[in-house]
Structures are given as structure tokens and as C-alpha cells.
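Beneath this line is the structure, given in C-alpha cells, with notes to follow.
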Amino acid sequence: PARAREPLLVALLPLAWLAQAGLARAAGSVRLAGGLTLGGLFPVHARGAAGRACGPLKKEQGVHRLEAMLYALDRVNADPELLPGVRLGARLLDTCSRDTYALEQALSFVQALIRGRGDGDEVGLRCPGGLPPLRTAPPERVVAVVGASASSVSIMVANVLRLFAIPQISYASTAPELSDSTRYDFFSRVVPPDSYQAQAMVDIVRALGWNYVSTLASEGNYGESGVEAFVQISREAGGVCIAQSIKIPREPKPGEFNKVIRRLMETPNARGIIIFANEDDIRRVLEAARQANLTGHFLWVGSDSWGAKTSPILSLEDVAVGAITILPKRASIDGFDQYFMTRSLENNRRNIWFAEFWEENFNCKLTRSGTQSDDSTRKCTGEERIGRDSTYEQEGKVQFVIDAVYAIAHALHSMHQALCPGHTGLCPAMEPTDGRTLLQYIRAVRFNGSAGTPVMFNENGDAPGRYDIFQYQATNGSASSGGYQAVGQWAETLRLDVEALQWSGDPHEVPSSLCSLPCGPGERKKMVKGVPCCWHCEACDGYRFQVDEFTCEACPGDMRPTPNHTGCRPTPVVRLSWSSPWAALPLLLAVLGIMATTTVVATFMRHNNTPIVRASGRELSYVLLTGIFLIYAITFLMVAEPGAVVCATRRLFLGLGTTLSYSALLTKTNRIYRIFEQGKRSVTPPPFISPTSQLAITFSLTSLQVVGVIAWLGARPPHSVIDYEEQRTVDPEQARGVLKCDMSDLSLIGCLGYSLLLMVTCTVYAIKARGVPETFNEAKPIGFTMYTTCIIWLAFVPIFFGTAQSAEKIYIQTTTLTVSLSLSASVSLGMLYVPKTYVILFHPEQNVQKRKRSLKATSTVAAPPKGEDAEDHK
């Protein structure tokens, strides 16, 4: 490896001379003499604008940190137990917060090495005009470097220092890229990498219940690597989606930050903003948010570059209220406070930038070159005191600067004990100090740092992740008087005190940063393709219920969904009950019909031998009245609760009453028709007109119905069923299961079909017998009865089948059927027997036998058999 570096070292030799000449023209550096020299890189000034290398002074990040290294060196050199006989010196440089400038400065750390390796080549160097190169004092040999601050600067410097095997320990660089030991093998840091920080921020986002956030990063290694780590960890952990990932250019154009805010508002639901940016970018983002009148909209989660600093939010506190920030776990070092607050122009001449800090800190001007300061600015007296005449708060990375110096000191101490046993001061084995050996000792150190926490490094040179979590909170409703409050910690796992968080609006209600609001009960998530945190809520409508957050399924056939569609419940079962309004009319007609039928039967039986009863055909009349009674009685079976017995009885008696009635009417009508037709051709009476024959015919016709029903009962035993489809309405709340017998509509009509056939046949004979002489009292009433009955049943059919899809089907069809049956029975009863009963009861004088008036009439009809007077006169 050393030979491989030789061409590169030769190439760097002229660059080192140029850097040396440039440094002579630069602001200079802080130098401390010592046996072993440590380098230091600090952002004493901000990045310059308009082509200038350096900008304004950075009091906290620059001067505080630089003084922390001087303070640590003083303490190490004053400690007799640490590196006895060896004094640590230093050369501290300003990076001006710019990586390219820092690289030029850092080349001074390797000048001694380049000069040592290039002594023979130096003779050949000539400046323009043939002048010899500038001769300067020999540079110190730097054994290790503390710094830099920004990750981009550390990366640039680390690429050079590794070529010369100079170990480097950063106090603030957290880019995950620097954990790559194959590229940055001489780099270590006392702060944890952003991969830990990103994990902590992912844990915070999830603890707050957010799943949709945007990221904002300053261009450069720190911002881009931090966001990349956050995105990768959130993707691996799941549950967090990135709405926007915006990068702030290194040299932002005017209006760039307003553009950033507009882009963030393209996804307004992503209120959580994960920000890995430098202080200047953070401040300008907050300013742009205020200008857009979006104060309180964004929920900031800031990295350690924001930390607990006041400078990024100065005069922007209202925009920063609620911001959660993260900072490597640290403590304020009391010894440094005492040291720094006693610094003055007299006792701190070693810091060449301290005078500039003095002017900036006390807002005054020192007299320079005999020229007084402007009248508008107060003249510095030199008697000002830090913390008394100005505000003072220890900068957050002071602890880590001290720990970085002590890590090198402890490593050198261990190396000294191993290589120089028994020696006080340096021994030949450490002159010069080998960087690779020192790196091994640095990685092996373990001691309690300035804050009492362990300082150690893993195989990649990273410190363990320990973070404090802060939130900027208003005080008494005033943002400007607010401050950062500790709300949690992270050390591999998150401990967040959610109750201590305060927010604008409702102080104790965590605002949301969700792509989609949670779906309500009975709604499933319909995911948006490619965005796992976004969805549309789709209602589990109809008979579907919510199985889980992504699935709706239909309830089983005998169940319906709960009102909020989160489960299923049994569907209520209904039937036509005795108390139902639908049963009132059928039951009333049935009761009245039975009473009327009973009255007629009782009257006929009491006056069984009177002419009217005999003339009406007593035997068939009783059969017909029995059928009418059964027709009325079937109403009670249709209303009764379905069961095996009730269903069997329904099958048997539903068609039996009508069959019995229409069989009797058909037999009677057929007898009359045959008698008159036979009388036209002969005086011989037709066969089978005796009462016995009539009964035989009637019962024969009825037996077909009975046999068919019995066969049906044997083939398919009756039972009750609950039909859940009959009243499965669009609205599940109206759905009902119908308890009924296992008879379909067609089965029911089939049960009545034979009766309807008898009815139609009887009607045909009634039409044929319409020419019977008026002196015969049965033909025409039977005809009117059949005509009316046909009309009733013709009306029944469309009503019955037309309501098949109705939600009230069970009620309408049952009511229609029973009313139609009762009406047909009432027509038969009213047409055939009510007039006779009326005469028997109220006009008994007419209930006598009359002589035949016409010989012609008697000659055309044979004398009736005994017991049958159907052909008697009126």
C-alpha cells in the first residue's frame, strides 16, 4: 500500500506547497507547541457568499468548539497521570463551513509527511520568474486530527488523511457513509452515526401514530445520507411512507424555499416533516412557512443539526412550536463554563479569532491600526465579561469535542505505556508516531467521558447511539418565551413521554400526519397502488361485514350484518301470527263462515224431512256443507305456527275442502244436465242419479285428491322450514326469515289444481244447463255460484304470483289465499243455502210440497227416486 501511494504523494507535493503559500495569506491558525501535535478543524466562520471563502463568525459552533479543544488540551497537559512527560500541542484551522476550503486547510496537516518524503524532489521546484520556492518554518507533524464538524467536510478531509495514515476523530459528523470502514478506515467519531439517529426518528414517527411524512435534506452528505437512512429504515420497518423527498440545493436560488413549501403542500396530509438540514436551511424553511401563512401546519422532526439550538428558530418561535428534535445525549460541562466565562482579551491571545468573537458577542468594536470604530458602534473596553454582559449558553457539541481530545490522549497514553515502558516523555518508538498503531489504540479506548457516559468505538469507528429527544414548547401561550423541553430518550429503544408533548391547537392531542384517515367500523381499506400507507375506505354494504381491515365478506344465509357491519347476527324469524293485522280479515271471514255454515247445517238437520231440504238433495248438501266448513277451517291452519303436524294437515285439508265442495257441485250439475238431456230423447231416466250413486261419484272424485296428497306425504314428509331468501330485502335491517311449511308456490297451486279443474268442469256443465226450466230450483244458483267463484279465483292468481317478490309476501299471499277460499265458500253458501235457510226459518208456510202444474213438465222428466226431490216445483 505504501508503494501504491508514492505516485499520489508526488502529485500532492506541489499542492502542499501551494497550500502552504495560501495559508500564509489566510487568516492563520491557532498553534500550541507540544511534543505531539493534534490537528483541529472547526467551522469558525460560516460559508462565504459572492465568491468569498468565509462568511460571518459562528460564535457557538465555531468559537465554543475551538475553545473546548483548547480547554481539553489544557486539562490533559495538566494531568500528571495522563501522558506523563509528554505535552500535547495543536494546530487548529478554520474550515469556513466549506468542504473545498477545508481540504486546502487540511493539507497543512500532511506537509511534514510530504516534505519528509519529497526532500529530494524539492530542489527541482521553481516559481515563476525562476525564483526559488518560499521557505517557511518546518510544519508540525500532526499525529491525529479532531474534526471536522460537517459530514461533507469530514468526508473530504478523511480521503486525504487516510493516505497518510493520520487518524481522525469527529465530534459532530454523523453521515452514515462515514461508517464504511473500507473507504474511511482512519475515521472515527464520538457521536453516533445518522443511521442510529434515523432509527430513532422512525421510532418517534411511529410512536406518534404517523404513517405519512415528507423528508427535507440539505444537499450534501449529511442531509442526503440522513434522509436515505431514514427512508431505508422506514421501508424495512414498514408502516411509514414518504410523501415527498425534497433536497435543498447547496447554493439555493432566490425563492427556492418558497418553492420547497409549495411542494410540501402538494401532499397536505403529510404534515410531519423529517428535516436533515443545516442551521441556515432550517431557518429559511421556517421563514418560508411563515410567509405562506402555514404556521402550525407542519410538524417538524429535526435531526441533531437542529438539536436544542436557538439560532435556527430565533424570531421564528411560533413556526417552531411543537417541533421535535433529536440530539446525541450530552451534558453541559461545568468546567468549560467556568473556563470560557473567564476568557478575556488579555488571557486568551492564543485564539486568533477571539477578538472577532469579542466584537460580535458584545456588539462593539476594537480600535485597530490607530483608527477608531464608527460612531454608530460602541467601543469595546476590554472589561466586558462573558455571561455578565452578554448571554451565554454552552454549545451542544462541546462535550464531544472534549471527548474526542481525551480519546486521542488515552490512546496515546496506552500506546506510550506499551511502546515506551518506564520512559517519561517520548521514546524513539513513538518518534515519529505510527498512525496505524495509534488507530488500533484509539479503537480500543474505553473511558468515562466528560459527561460521565462511556466513550468507546465499534469496529467501524462509530460511537454507540444515545440521544435525548426535545420538543420546542410555548410558555404560557407565548412562543417567543418558550424553550426546548426534554420529552424522551433513545438508546437502541425509544422512551417517549407522550403526555409531556404539547401541540398548537389542542395541547395534549397528537396531531395527525396520515395519508388516509382510519376507516370507520364496517369499512375496509382499499389500498392505493404503490403507496402502502394510502387507501380509500370502502363500506361493507348490503349483507357484507368487515372480516379484517382489508376484507369484507357476506354473512351466512341465516344471518345479517350488525348495524355497523362489523359482524353478523341471526336474522329474526317471522310468521303470520294470530295477532297480525294481516290475519284479522281472514280469521273474521272464517269465523263468520263457520258460524253461518253451522247454522245452515243445524237448520237442515232440524228440518231434514221438509220439502226444501229434501228438494235440495240432502245427501249431497251435507257433503257440500262439509266441504264449505273445511274451506273455512283451513284459514286457522294457515295462520297456525308451522310444524310437522300443521304442515301435514295443511297439505291434506287445503285441497280437500274445495275438492269435496266442487265434486258435490259437479255431481249435482252433471245430474241435472244428464236428466234433461236424456229427457229430450227418452222417458227412461239416465243411470247413476240415485243419492247413493251421487255420493259414490262425489267420493270417487274426492278420493283422487286424497290419494295424491297421501302419496305426496309419503314421498316428501312434511316439515317446517325457515326461508331466509323470501324477505332478504336490500336493507339488511328489514331482512327476516320466514317460518313456513315446505310448500313452494307451485306446490300450493298444485294442491289446489285438482279443485280448480273440478271448478272449471262444473262451470262448463253450469253453462250447458243454463236452459233448464225455471221450475227447477238448483241449476241456475249453481251456475251463478260457479261464475262468481271463477271470477274470485281469476283475481286470486295475479295477486298471489304478483307479490312473489314483495317483502310482505308471506302475509299477502296467505291473506289472499285464505280470503279467496273464504269468499268462494261464502258464494256457494250464500247462493245455494242461505235463501233456503231463510225460507225455512222465516217463511215456514212456503216449506210445503206443491202439486205439479203441468202435465208437460211431468212427462218430460221421469219421477225421482224416493228420497230425492230435486225436480220438484219451486
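In the stretch 159-189, how many are of a type in the set (Ser, Thr, Tyr) and in contact with a Leu (Cβ under 9 Å, 6 or more places away or on another chain)? Number satisfying all stated conditions: 3. Summed over the stretch 439-481, the residues that are open to solvent by less than 20 Å² (accessible area, probe 1.4 Å), closer than 13 Å to PRO328 by Cβ and among the hydrophobic types (A, V, I, L, M, F, W, C) give a count of 3.
Among the residues of the stretch 215-244, those identified as in contact (Cβ under 8 Å) with a residue 60 or more places away in the chain, open to solvent by 10 Å² or more (accessible area, probe 1.4 Å) and part of a helix (DSSP H, G or I) are ASN221, TYR222, SER225. Considered as a group, the residues in the stretch 271-306 that are acidic (Asp, Glu) and in a helix (DSSP H, G or I) include one that is surrounded by the most Cβ atoms within 10 Å (Cβ to Cβ), and that residue is ASP281. Selection within the stretch 326-367: residues that are at pLDDT 90 or above, β-branched (Val, Ile, Thr) and in a loop (DSSP other than H, G, I, E, B). The member of this set that is least open to solvent (accessible area, probe 1.4 Å) is ILE333. The set of residues in the stretch 257-270 that are touching a strand residue (DSSP E or B) at 6+ places or on another chain (Cβ under 7 Å) and either part of a helix (DSSP H, G or I) or of a type in the set (A, V, I, L, M) (or both) comprises VAL260, ARG263, LEU264, ALA270. So if I check each of ALA870, ALA825, ALA857, ALA863, which one is at pLDDT below 85, over 60 Å from the mean Cα position of the chain (by Cα) and either surrounded by fewer than 12 Cβ atoms within 10 Å (Cβ to Cβ) or in the same structural domain as PRO642 (by the TED database) (or both)? Residue meeting the stated conditions: ALA863.
Examine the stretch 740-759 for a residue that is out of contact with any Leu (no Cβ under 6 Å at 6 or more places or on another chain), modelled with pLDDT under 80, outside any helix (DSSP H, G or I) and among the β-branched types (Val, Ile, Thr), and state whether such a residue exists. No, the stretch 740-759 contains no residue that is out of contact with any Leu (no Cβ under 6 Å at 6 or more places or on another chain), modelled with pLDDT under 80, outside any helix (DSSP H, G or I) and among the β-branched types (Val, Ile, Thr). Out of the residues in the stretch 69-113 that are open to solvent by less than 10 Å² (accessible area, probe 1.4 Å), of a type in the set (Val, Ile, Thr) and in a helix (DSSP H, G or I), state the one that is modelled with the highest pLDDT. So, considering only residues that are open to solvent by less than 10 Å² (accessible area, probe 1.4 Å), of a type in the set (Val, Ile, Thr) and in a helix (DSSP H, G or I), the one modelled with the highest pLDDT is VAL76. If I go through the stretch 602-640 residue by residue, how many of them are within 24 Å of ARG650 (Cα to Cα) and in a helix (DSSP H, G or I)? Summing the residues that are within 24 Å of ARG650 (Cα to Cα) and in a helix (DSSP H, G or I) in the stretch 602-640 gives 18.
The values are calculated or read from the model by the stated rules, or taken from the named source; none is laboratory data. Nothing here was measured: the structure is a model prediction, and the numbers come from that model. Cβ sites come from the backbone with ideal geometry, for glycine too, and all protein chains shown count toward neighbours. SASA here: full protein model, heavy atoms, side chains in, ligands and nucleic acids out. Shrake-Rupley method; radii C 1.70, N 1.55, O 1.52, S 1.80 Å.
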